[in-house]
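Chemist: Following this message is one structure expressed as structure tokens.
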Amino acid sequence: MDNRGLYERLSQVQERIHLACQRSHRNERDVLLVVVTKRHPVEAIQELFRHGQQNFGENRLPEALEKKNQLPDQAIWHMIGHLQSNKAKQAAQLSWVQSLDSVSAALSLQKELERTQRSLEVLIEMKTSPEQAKLGLGSFEELETLAQALVSCPRLRVRGLMTMAPQTSDEGLIRQSFRTLRAWRERAASRFSWTSWDHLSMGMSQDFELAIEEGSTLVRVGTAIMGPPAEDSQ
């Protein structure tokens, strides 16, 4: 395992976050880096943790739980892939779910968290581009419906919204996606004052600097730090 390359890439991304915050007159302490580790060996994640990185994201729950069990309890795990209601028991073992998009999943999580006497940080996933492959709620009306249901789920700490920008080289379309999420967050904070709505999770390896300039507080960076997964490295 090339630890030097791993550390260098982590440092490069941290520097790019710093510069993006400077350009947008933001405090870099307000931007949390979540390293996406899907299909990467746990040894690399352990090295990053020893280097001070605490937040990690996974798309699949079995992989997340397997890795979680091999890292210290101080590691913070985020579910960023689509969450099905029947996976609530697994998801409730993590620290964050960034991809909540249904009332049924919320109720399933609440039931499991009541059983285990735990709480969970959650973000509501929104679809801010027309791409069919993208998941999440597609309108503010759908967001309102889910937010109203979440009032009866006190063990879910609603922290804000998450989205994925369109896969395009058009910077204008990417920024519009992020601005749409920010506007929805502002409306939600005004409409539902029972929670803070303090986070916007937007930005990945290819667009996290644009996301920071548009107000992101959580960036989900995988390839730019971890390199390509083993299956994709040919």
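The values are calculated or read from the model by the stated rules, or taken from the named source; none is laboratory data. All values reported here derive from a predicted model rather than from experimental measurement. Here the Cβ is made from the backbone with ideal geometry for all residues, glycine too, and neighbour counts use every protein chain on show.
Chemist: Could you please find all residues in the stretch 190-203 being surrounded by fewer than 23 Cβ atoms within 10 Å (Cβ to Cβ) and either within 23 Å of Met79 (Cα to Cα) or within 19 Å of the chain's Cα centre (by Cα) (or both)?
Modeler: Of all residues in the stretch 190-203, those surrounded by fewer than 23 Cβ atoms within 10 Å (Cβ to Cβ) come to 190-196, 198-199.
Those that are surrounded by fewer than 23 Cβ atoms within 10 Å (Cβ to Cβ) and either within 23 Å of Met79 (Cα to Cα) or within 19 Å of the chain's Cα centre (by Cα) (or both): Thr195, Ser196, Asp198, His199.
Chemist: Given the criteria without any contact (Cβ under 8 Å) to a residue 24 or more places away in the chain and either surrounded by fewer than 19 Cβ atoms within 10 Å (Cβ to Cβ) or more than 18 Å from Gly222 (Cβ to Cβ) (or both), does Ser85 qualify?
Modeler: Yes; evaluated as a whole, the condition is true for this residue.
Chemist: Tell me the residue from Gln74, Gln46, Gln70 that is within 23 Å of Arg159 (Cβ to Cβ) and polar (S, T, N, Q), please.
Modeler: Gln74
Chemist: Going through Ala105, Ala92 one at a time, which residue ends up being in contact with a strand residue (DSSP E or B) (Cβ under 8 Å, 6 or more places away or on another chain), modelled with pLDDT of 95 or more, surrounded by 17 or more Cβ atoms within 10 Å (Cβ to Cβ) and not polar (S, T, N, Q)?
Modeler: From the options Ala105, Ala92, the qualifying one is Ala92.
Chemist: Take the residues of the stretch 113-169 that are in a strand (DSSP E or B) and over 23 Å from Gly215 (Cα atoms): which is nearest to the chain's Cα centre (by Cα)?
Modeler: Leu120
Chemist: Just to be sure, is Ile212 part of a helix (DSSP H, G or I), touching a residue at least 60 places away in the same chain (Cβ under 8 Å) and farther than 15 Å from Glu58 by Cα? Let's see the steps before the verdict.
Modeler: Numbers: part of a helix (DSSP H, G or I): yes; touching a residue at least 60 places away in the same chain (Cβ under 8 Å): yes; farther than 15 Å from Glu58 by Cα: yes.
Considered against the rule, which asks whether it is part of a helix (DSSP H, G or I), touching a residue at least 60 places away in the same chain (Cβ under 8 Å) and farther than 15 Å from Glu58 by Cα, Ile212 comes out as yes.
Chemist: Next question, about the same structure. Every residue in the stretch 7-23 that is surrounded by 14 or more Cβ atoms within 10 Å (Cβ to Cβ) and at pLDDT 95 or above, please.
Modeler: Arg9, Leu10, Val13, Gln14, Arg16, Ile17, Ala20, Cys21
Chemist: Do we have any residue at all in the stretch 3-24 that's under 23 Å from Met164 (Cβ atoms) and outside any helix (DSSP H, G or I)?
Modeler: yes
Chemist: Next up: Taking Glu58 as the residue in question, decide whether it is crowded, with 18+ Cβ neighbours inside 10 Å, of a type in the set (D, E, K, R) and either under 23 Å from Thr217 (Cα atoms) or in contact with a strand residue (DSSP E or B) (Cβ under 8 Å, 6 or more places away or on another chain) (or both).
Modeler: yes
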